[in-house]
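The values are calculated or read from the model by the stated rules, or taken from the named source; none is laboratory data. Quantities reported herein were computed from a predicted structural model and do not represent experimental measurements. FYI the Cβ positions are ideal-geometry reconstructions off the backbone, even for glycines, and counts take in every protein chain you see.
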Amino acid sequence: MAMLMNGEIMLLPLIVDSLTLEKEKERKQHQWQKNQNKRLRNQKLSTLPTFQSDKPYQVIFINYMTAYFVLLQLIERADKTFYFAMDTETDDISKQPALIQIQLIHLKNETFDDEKQQQEETIIIIFEMCQLPSMTSVIYPRIQQLINTIFHHSKTFLTWGNGTDELFKFTIYSLFKCVPIACLHFINVQARFKNWYNNTYKHNSHCRMVTLFHNDITDNPICDCSHRPYKNTSDTWSLQLAISTIFNQFLDKSITRNNWSQALDIRLYQNIQIGVPNYNVKSCLTDEQEQIRLKLVKYIIDDCLALTKLAFTIGKYLVSVTYQYINIILLPS
Ligand SMILES: [Zn+2]
């Protein structure tokens, strides 16, 4: 703010009103409490058996070391795939969107009613956005082609939360400049899960929701059912709590906030030379660093697998009451 004092223009600091300061303090306190609750819940659930996917999977990293022929194979595979589970990670230090995890879901007869409908081995693609090759690289156009093939309006994406918002963050990258994000079909499994859970695990007969509102299955602060952890209609299920509640398994969330822009693919730490045979490949990571790397990779893969597992659990609840989604689900393979 500028003021005229003694004939001179003086720059004064902006006076922040006490209400703004108070609101900021409240916001920080709320965030701190939220993080504390998450940490405590993680600790409490860690006694459960570790989350396991029932399906074998193959992980493929997309970065400057990805082979040309691998990209060609993925493009072909993605072209024949109509359903994908999607998750993303933002770097906690730079706040830059860093990773996109995509699981290819092949259904035998186009329904999510039974996990057996999913083909045996599944592929999880991890786009390492901070480890991409330069635009002049020979593989860059193929990565672009792969992205255009996956993020096409004929495909459907399962997400935990708002997929459009998540993907929009990645428009800072040239590869996503032409992706028609607003035209993509996302299914928010988190919202559908809430609907399925409340219909499947209704209020107890003695719950005040039943005595006052009869068949109302929604979440409400007056509900005292111990099997219904959420009490507000606006509450959303965490992926971790959904997994522990339904499968009695622990999905570790202790490393949610991380430096996700660091390389995850082991090849980015090895002395591999391109175009020549490599006989004595060594990693520059220590054993301890390698264990951390494996833990990070497992974390992002488990998030995708957990989402898919829940999607198959709720089956027909994935289909919205609107006919639009029914049409999408019944797309021919
Ligand atoms: Zn209740």
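A few notes on this one:
- Pairs with Cβ under 7 Å, 6+ apart, first in the range 203-218 and under 22 Å from Phe193 (Cβ atoms) and assigned to a loop (DSSP other than H, G, I, E, B), second β-branched (Val, Ile, Thr) and more than 10 Å from the ligand (Cβ to nearest atom): Thr218/Thr233
- Flag if Arg257 is part of a loop (DSSP other than H, G, I, E, B), near the ligand (Cβ under 10 Å from one of its atoms) and of a type in the set (Lys, Arg): no
- Only one of the numbered conditions (1) within 16 Å of the ligand (Cβ to nearest atom); (2) touching a residue at least 40 places away in the same chain (Cβ under 8 Å); (3) of a type outside the set (D, E, K, R) is violated by His185, and that is (1).
- Only residues that are in contact (Cβ under 8 Å) with a residue 40 or more places away in the chain, closer than 28 Å to Leu48 by Cβ and of a type outside the set (A, V, I, L, M, F, W, C) were counted across the range 257-289, and they come to 3.
- Residue within the range 130-150 that is modelled with pLDDT under 90, surrounded by fewer than 21 Cβ atoms within 10 Å (Cβ to Cβ) and closer than 29 Å to Phe69 by Cα present: no
- Meets criteria (modelled with pLDDT of 85 or more and away from the ligand (no atom under 16 Å from the Cβ)) for Ile272: no
- Among the residues of the range 191-232, those that are within 10 Å of the ligand (Cβ to nearest atom) and among the small types (Gly, Ala, Ser) comprise Ser205, Ser226.
- For the range 153-207, taking the residues that are out of contact with any Pro (no Cβ under 8 Å at 6 or more places or on another chain), of a type in the set (Lys, Arg) and under 22 Å from Leu99 (Cβ atoms), the one that is surrounded by the fewest Cβ atoms within 10 Å (Cβ to Cβ) is identified as Lys177.
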